[in-house]
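Throughout, read-outs are computed from the coordinates displayed, never taken from laboratory work. These numbers come from a predicted model, not from an experiment. Note: ideal-geometry Cβ built from the backbone for every residue, glycine included; neighbour counts use all protein chains shown.
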């Protein structure tokens, strides 16, 4: 009979864990990237000489982990494109930054309706061991869809707190790499940030964990590119794993 897994020494040194959602818990990053590509490519077509959005590298470097508005601004700035910010009620389009962000949200919502989003099994195993060890966990995400995704996956009962994009907007929290989202999630769990871990796959999120003074910042290298693990370390990861399940070890028989 297989022995139950246990936590690595790194996680045994903390008293709470904050998980990013997209790419760490749910396999929703490809859907986000595809939605961004649809929105950005429509915008780039109006600017001569601009190559299309790269759903791998452009997504990873400029928009992953950020709020829709921050992600749209960051990518457009990387291409030297300046648009008016616009207003929150701008419909999907290409004339303003908010219109581009609205286009992305519309494409993402359509994608959610088309097919369910899977979860990462290794993360679910880790969450269940943390629950058994009575280490409280929170989910944090810039996406306003995060709570919906977690509920659809039947995972909400594994979290003592969820701080999603709707909560961030209600509280006026700035987006990553500002640590405010993670700090708020940690506050709801109880232990100080120095005794709390952050598990994150996005460069902006790893940087947010480091800026927030968290006791352990785990980078999840889903991209597994030639520079992706090094990029996570440069942005502040204390250790890098290919999957959160790597933070479990089998117990001795």
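Tabulated data
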{"quantity": "Residue in segment 6-26 that is nearest to residue 77 (Cα to Cα), counting only those that are touching a residue at least 60 places away in the same chain (Cβ under 8 Å) and surrounded by fewer than 17 Cβ atoms within 10 Å (Cβ to Cβ)", "calculated": "10"}
{"quantity": "Single match in 76, 112 (criterion: assigned to a helix (DSSP H, G or I) and without any contact (Cβ under 8 Å) to a residue 40 or more places away in the chain)", "calculated": "76"}
{"quantity": "Which numbered condition residue 248 misses (of (1) over 22 Å from residue 7 (Cβ atoms); (2) over 16 Å from the mean Cα position of the chain (by Cα))", "calculated": "(1)"}
{"quantity": "Pick from segment 211-245, criterion under 15 Å from the mean Cα position of the chain (by Cα) and in a helix (DSSP H, G or I), ranking: surrounded by the most Cβ atoms within 10 Å (Cβ to Cβ)", "calculated": "232"}
{"quantity": "Helices (runs of 4 or more DSSP H) wholly inside segment 143-189 containing at least 1 residues that are closer than 14 Å to residue 25 by Cα and touching a strand residue (DSSP E or B) at 6+ places or on another chain (Cβ under 7 Å)", "calculated": "146-152"}
